[in-house]
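The structure under discussion appears below in the form of C-alpha cells.
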C-alpha cells in the first residue's frame, strides 16, 4: 500500500484536501477510487442504519457534488499536471451516495450498488466516457461518476423489476 501526495500548496488539513480526498481516503493507493467509494459506502450505511430517509443520501450526493466541484477547482488550479488526480475521490462519494439514495435498502441491493458503481466508474459507459474525455477541470472530474451512478441505479432497478434483487 502506498499513499498519494498532495500538491505542495494544499495542506492535509485544508478544506480543499479534506473534501477532495474525502478525509484522506483518496490518498490510499492503489485503487483510490475504490477506497473513496468504500468510505462513502460506510457513511451511507451509517445514515441508513440511523433510520434517516434514503432521500437524505440524495441531498448528501448533491452537497458532495457542489463541495467536490469547489475543491476540484481549487486542486486543479494548484496542480495543472493531472486533469483528474487519483487522490480526488469526492466524485466517487457523490456517485456512491446517489446510487444508495435510489436503491432499496436491502443487503443485496446495497452490495450490488457498490459493485455496479465501481464497475461503471471503471468501464465508463456513455455518457460517463464523454464526460471523462470531453469535459475539463472540475466538471470532468465530478460528472463522469454521477453518470456511472445513474447506470448503476438503472441496472439495480431493472434487476428489482425482474425479480433478481
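Coordinate-derived values only; no laboratory data. All values reported here derive from a predicted model rather than from experimental measurement. Glycine also receives a Cβ, built like all others from the backbone with ideal geometry; neighbour counts cover every protein chain displayed.
With helices as the sole contributors, the chain gives -22000 deg cm²/dmol at 222 nm; each DSSP H run of n ≥ 4 counts as -39500 (n - 2.57), and the sum is divided by every residue. Between residue 9 and residue 159, the modelled label-to-label distance comes to 4.3 nm, taking each label 7 Å out from Cα in the direction of the beta carbon. Using the average count of surrounding beta-carbon atoms within 10 Å as a protection proxy, the listed peptides 15-27, 101-113 rank, highest first, as 15-27, 101-113.
Shape class of the stretch 2-161 from the Cα gyration tensor (axes a ≥ b ≥ c, square roots of the eigenvalues): prolate, since a/c reaches 1.5 or more and a/b is larger than b/c.
The slack between residue 29 and residue 2, meaning 0.36 nm per residue of separation minus the straight C-alpha distance, is 9.2 nm.
Spin-label model, residue 56/residue 111: points 7 Å from Cα along the beta carbon direction are separated by 2.6 nm. Hey, in the GNM for the chain with a 10 angstrom Cα cutoff, which one of 11, 140, 95 fluctuates hardest? Among 11, 140, 95, the largest GNM mean-square fluctuation belongs to 11.
To the nearest ten degrees, helix 55-78 and the longest principal axis of the Cα atoms of the chain are 20 degrees apart.
Comparing 132, 79, 145 in a Gaussian network model of the chain (Cα springs below 10 Å), the most mobile by mean-square fluctuation is 79. Compared with the dominant Cα axis of the chain, that is its longest principal axis, helix 90-102 is turned about 10°. With neighbour counts taken as other beta-carbon atoms within 10 Å, the residues 147, 3 rank, fewest first, as 3, 147. Taken as Cα centroids, the stretch 85-122 and the stretch 126-161 sit 11 Å apart, rounded to the nearest whole angstrom. Relative to the longest principal axis of the Cα atoms of the chain, the long axis of helix 107-123 lies at roughly 40 degrees. With an 8 Å Cα cut-off and a minimum separation of 6 or more residues, compute the relative contact order for the chain in percent. Relative contact order here is 24 percent.
The value given for the stretch 1-94 is a Kirkwood hydrodynamic radius of 13.4 Å, derived from the mean inverse Cα-Cα separation. Compared with the alpha-carbon gap, the fully stretched path from residue 133 to residue 49 is longer by 26.5 nm at 0.36 nm per residue. Over the stretch 114-156, the fraction of Cα-Cα pairs per 10 Å bin, rounded to whole percents and listed from the shortest bin up, is 36, 52, 12, 0.
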